[in-house]
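Below is one structure, written out as structure tokens; comments come after it.
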Amino acid sequence: MADHHHHEEEFRLNNPDFERLNQRLDRRDFLTKTSMGIGALALGSLFGNKLMGNAPRPAISNATGDMEQEILKALPHFAPKAKRVVYLFMSGGPSQLETFDYKPALVNMMGQNLPESIRKGQRLTGMSANQSALPVVPSYYKFNQHGQNQTWISELLPHTAKVIDDLCIVKSMHSEAINHDPAITFFQTGNQLPGRPSIGSWLSYGLGSDNENLPTFIVLVSKNGQKDQPLYARLWGNGFLPSKHQGVQFGSGKDPVLFLNNPEGYDGADRKEMLDYLSKLNQIQNSTYGDPEVDARIAQYEMAYRMQTSVPEVMSVADEPEEIFELYGPDSKDPGTYAANCLLARKLLEKDVKFVQLYHQGWDQHGSLPSGIAGQCKATDQGTAALITDLKRRGLLEDTLVIWGGEFGRTVYSQGKLTANDYGRDHHPRCFTMWMAGAGVKPGISFGETDDFSYNIVKDPVHVHDFQATLLHLMGIDHERLTYKFQGRRFRLTDVEGKIVKGILA
């Protein structure tokens, strides 16, 4: 059937009933040839990649498009240290006090009210602002020293403790957002309000793909994290960038990517033929309107077709030796768990997927924190450490950046009732801990310091925009030069701020 339709004109339907449709197609063709200059205005030619069938694309040239092309041609701005990123996002705000920020002096202040000299009038959330007191509570869990630098780490993270010499722990992170949605959105997009592209989308836009058969930006969400706070697909959205740069969520069920399989009754040849025709129709549409989103749609259909083969292959762990499952822990045999997703992330990174983001919910412990955080650490600790170990063994840690962290930290004071073995902690954006490992960062160090209450930063603060600027730097991108013009303004991931944290660079 495809052999009979080589040209756009062959879409004409030789039936009097369709004469009006044929006339409309003719009119579109006329408009295309006479008004391309007008139709193409303000539409950047962003898609230099292969199109289905290598069909010639209309020449679209304008100041905005040329500028975007020049920006992309200049990338990378310098030799990158990292070729790919895996970002382990601990959604909900893990407590730094029970994990990485050891504060032994708090034991002697148990139950005492947080001094005003420490709080300094800081804004509290509505959940604890009306408490009559803000009683200080030390960590319920012990800390021990590990690694060459004798780094203090919680007993809740015994596996992470074994890879401590590979980690660059940043204890002086701070954010401006005090509630989950704006805080996560800020981390992922550089702005507290929805609508901007996420980190993975910026990297996809700037650096393109190293694997034509898989998306550049893949998202995995744990099924065994408590769904205490929602996650939205817009957190891995492309914002105003072309839609081909959005993150693609892989699930753990029968269909890892929804709507990827052939419709019932179709085989592969049918599908290819249908997509070839669809591509021609889209190209007719594109030649009339010059809308880059049509190109993006064509590219996505083509990618989905290739993923019919590549996804089942990469999702299968049948060839993994038993030793690997032992490394990642018993959960790794249960698809969709955090540990299984860590193993899957390693496989995706091996395939040169540029940005893999894992989300694990359930860290929002306003109450019953001791039991809650113990469960969270148990579900994530072994898989996280195994990922570091596995990447290192395969030589991938040298050019892969691993990031662990949430959207903010927790307060030193107890939210709600404080007892000898139970308490909660409220949101705390003024200081919290993240870590990075691998490509381009110093291993085995701690960076930044907080006061004795882990309430204020006393040395080397790292703002969210600084973190983003440093991440882009490691990928070979100057965060001030990777921009995209939208509605008259040039945007970037770091907005108008951000400085590279040179103290953590190897």
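Remarks
- Residues in region 332-343 that are surrounded by fewer than 24 Cβ atoms within 10 Å (Cβ to Cβ) and outside any loop (DSSP other than H, G, I, E, B): LYS333 only.
- The residue pairs whose first member lies in region 143-164 and is of a type in the set (D, E, K, R), whose second member is open to solvent by 90 Å² or more (accessible area, probe 1.4 Å) and in a loop (DSSP other than H, G, I, E, B), and whose beta carbons are closer than 6 Å, counting only pairs six or more residues apart or on different chains, are GLU155/LYS142.
- Meets criteria (closer than 27 Å to GLN382 by Cβ and in a helix (DSSP H, G or I)) for GLU313: yes
- At least 2 residues being of a type in the set (S, T, N, Q) is the threshold, and among the strands (runs of 3 or more DSSP E) wholly inside region 345-444 those reaching it are 409-414.
- Residue match in region 292-304 (condition: over 22 Å from ASP210 (Cα atoms) and without any contact (Cβ under 8 Å) to a residue 12 or more places away in the chain): no
- Filter pass, SER243 being among the hydroxyl-bearing types (Ser, Thr, Tyr) and touching a residue at least 12 places away in the same chain (Cβ under 8 Å): yes
- Residue within region 213-227 that is within 23 Å of ALA296 (Cα to Cα), out of contact with any strand residue (DSSP E or B) (no Cβ under 6 Å at 6 or more places or on another chain) and open to solvent by 10 Å² or more (accessible area, probe 1.4 Å) present: yes
- Restricting attention to region 411-468, the residues that are among the aliphatic types (A, V, I, L, M) and within 28 Å of the chain's Cα centre (by Cα) add up to 9.
- Looking only at region 155-165, and only at residues there that are in a loop (DSSP other than H, G, I, E, B) and surrounded by 18 or more Cβ atoms within 10 Å (Cβ to Cβ), the one that is farthest from the chain's Cα centre (by Cα): LEU156
- Hits in region 466-497 - residues which are open to solvent by 10 Å² or more (accessible area, probe 1.4 Å), touching a residue at least 40 places away in the same chain (Cβ under 8 Å), touching a His at 6+ places or on another chain (Cβ under 9 Å) and under 16 Å from THR189 (Cα atoms): ARG492, ASP495
- Region 386-409 residues that are open to solvent by 10 Å² or more (accessible area, probe 1.4 Å), paired with ones that are assigned to a strand (DSSP E or B) (beta carbon under 6 Å, 6 or more apart): LEU397/GLY438; TRP404/LEU88; TRP404/TRP435
- When residues of region 270-315 are limited to those that are open to solvent by 50 Å² or more (accessible area, probe 1.4 Å) and hydroxyl-bearing (Ser, Thr, Tyr), the one nearest to LYS244 (Cα to Cα): TYR301
- The set of residues in region 417-445 being open to solvent by 50 Å² or more (accessible area, probe 1.4 Å) and of a type in the set (Asp, Glu) consists of ASP422 alone.
- Filter pass, ASP255 being open to solvent by 60 Å² or more (accessible area, probe 1.4 Å) and either under 25 Å from GLY237 (Cα atoms) or in contact with a Cys (Cβ under 7 Å, 6 or more places away or on another chain) (or both): yes
- TYR232 being open to solvent by 30 Å² or more (accessible area, probe 1.4 Å) and of a type in the set (Phe, Trp, Tyr): yes
- Of all residues in region 210-268, those being among the hydroxyl-bearing types (Ser, Thr, Tyr) and more than 13 Å from the chain's Cα centre (by Cα) number 4.
The values are calculated or read from the model by the stated rules, or taken from the named source; none is laboratory data. Small disclaimer: the values here were computed from a predicted structure and weren't measured. For neighbour counting, all protein chains shown are included, and Cβ atoms are generated from backbone atoms with ideal geometry for every residue, glycine included. SASA here: full protein model, heavy atoms, side chains in, ligands and nucleic acids out. Shrake-Rupley method; radii C 1.70, N 1.55, O 1.52, S 1.80 Å.
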